[in-house]
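Visitor: Pasting a structure below so you can have a look.
The values are calculated or read from the model by the stated rules, or taken from the named source; none is laboratory data. Everything quoted here is computed from the prediction, not taken from an experiment. Quick reminder, even Gly has a Cβ in these numbers, built from the backbone with ideal geometry, and neighbours come from all protein chains shown.
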Amino acid sequence: MTEYKIPTGAGESEYVEKRSRFLGHIRPVETEDEARAFVAEMKKKYYDARHNCWCYLLKDGPERYSDDGEPQGTAGIPMLEVFRREGVTNLVCVVTRYFGGVLLGTGGLFRAYTKSARDALEAAGRSAVRRWICMELPCSYAALERCKQEIAAFDGAVEDLDYGAGVTIRALLPEEKSETFRERIFDVSGGTIRARVTGESHRAVPL
């Protein structure tokens with residue numbers, strides 16, 4: 001099953017360079033109509049700004065961008081490249097610029113729009129969409145941190161912790177790594193921890 005990444009949620013950023021104010025906004029979307037609607041919403045909200053530059057990427061769909069009056073190649077493409085490099089899709093990003101009266105030059109604009117998009121993505125977070133194997137791991141309190149470290153090492157995620165006389169960890173492991181993980185946790189615990197498969201799920205899980 002192919003894995004891909006999406007924003008976990010909405011993300012916003014603010015950056016000031018030589019009195020120009022850059023406001024970044026990211027939203028997860030699934031369709032081009034949703035992406036275009038968000039662009040229109042931001043343009044309406046920040047109607048008094050000099051520029052509302054944007055881009056969006058859709059899995060198995062189009063990539064679009066606009067410099068919205070900035071010099072060609074200084075806004076939309078740099079924003080798009082941030083998400084391409086991060087391997088994140090199904091998102092729309094709008095960076096609004098309030099001009100501060102000082103020209104930034106092409107290099108300055110490139111850096112400002114790149115930073116605004118990157119910071120907004122950091123605020124939004126990333127989630128992996130894939131097939132996960134659900135597991136339960138009963139362990140002692142002393143072994144809890146080691147188990148969490150092993151789960152993270154296999155690109156898994158802790159979904160829940162049930163505290164009692166011991167701890168039951170409910171975890172999600174990538175499908176192709178699940179059996180290796182079960183063997184690993186059994187070995188490092190000296191045979192005291194057995195990971196039990198409880199099901200499977202295909203969904204987005206925050207990284």
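Visitor: Could you check how many residues of the range 135-174 are closer than 16 Å to R194 by Cα and in contact (Cβ under 8 Å) with a residue 60 or more places away in the chain?
Guide: 2
Visitor: How do the strands (runs of 3 or more DSSP E) wholly within the range 1-71 filter down when requiring 3 or more residues that are in contact with a Lys or Arg (Cβ under 6 Å, 6 or more places away or on another chain): which remain?
Guide: Correct list: 51-57.
Visitor: With the requirement that a residue be surrounded by fewer than 15 Cβ atoms within 10 Å (Cβ to Cβ) and closer than 22 Å to V92 by Cα, what does the range 11-20 give you?
Guide: Within the range 11-20, E12, E14, V16 meet the criteria.
Visitor: Related question: So which of T106, T180 ends up being within 30 Å of C55 (Cβ to Cβ), over 22 Å from the mean Cα position of the chain (by Cα), among the β-branched types (V, I, T) and exposed (fewer than 15 other Cβ atoms within 10 Å of the Cβ)? Give the steps one after another, and end with the answer.
Guide: Details: T180 fails: within 30 Å of C55 (Cβ to Cβ).
Going through T106, T180 in turn, the sole match is T106.
Visitor: If I go through the range 36-48 residue by residue, how many of them are surrounded by fewer than 19 Cβ atoms within 10 Å (Cβ to Cβ), among the hydrophobic types (A, V, I, L, M, F, W, C) and in contact (Cβ under 8 Å) with a residue 12 or more places away in the chain? First the steps, then the outcome.
Guide: Going through the range 36-48, the residues surrounded by fewer than 19 Cβ atoms within 10 Å (Cβ to Cβ) turn out to be 36-37, 40-41, 43-48.
Then drop every residue that is not among the hydrophobic types (A, V, I, L, M, F, W, C), which leaves 37, 40.
So of that shortlist, the ones also in contact (Cβ under 8 Å) with a residue 12 or more places away in the chain come out as none.
Of the residues in the range 36-48, 0 are surrounded by fewer than 19 Cβ atoms within 10 Å (Cβ to Cβ), among the hydrophobic types (A, V, I, L, M, F, W, C) and in contact (Cβ under 8 Å) with a residue 12 or more places away in the chain.
Visitor: Same structure again: Closer than 19 Å to G11 by Cα and not polar (S, T, N, Q): does that describe Y65?
Guide: It is true that Y65 is closer than 19 Å to G11 by Cα and not polar (S, T, N, Q).
Visitor: While we're looking at this one, here's another question. Go through the range 1-43 and give me each residue that's under 26 Å from P174 (Cα atoms) and basic (K, R).
Guide: K5, R27 - these are the residues of the range 1-43 that are under 26 Å from P174 (Cα atoms) and basic (K, R).
Visitor: Please pick out the residue among G87, G73 that is under 19 Å from A204 (Cα atoms), in contact (Cβ under 8 Å) with a residue 24 or more places away in the chain and small (G, A, S).
Guide: So the residue among G87, G73 that is under 19 Å from A204 (Cα atoms), in contact (Cβ under 8 Å) with a residue 24 or more places away in the chain and small (G, A, S) is G87.
Visitor: Turning to a different aspect of this structure: Please go through (1) in contact with a strand residue (DSSP E or B) (Cβ under 6 Å, 6 or more places away or on another chain); (2) closer than 24 Å to A128 by Cα for E30 and return the number of the only condition it doesn't satisfy.
Guide: (1)
Visitor: With respect to the numbered conditions (1) among the polar types (S, T, N, Q); (2) crowded, with 19+ Cβ neighbours inside 10 Å; (3) not assigned by TED's automatic domain parsing to the domain that holds G9, which one is the sole condition not fulfilled by S116?
Guide: (3) is the only condition that S116 fails.
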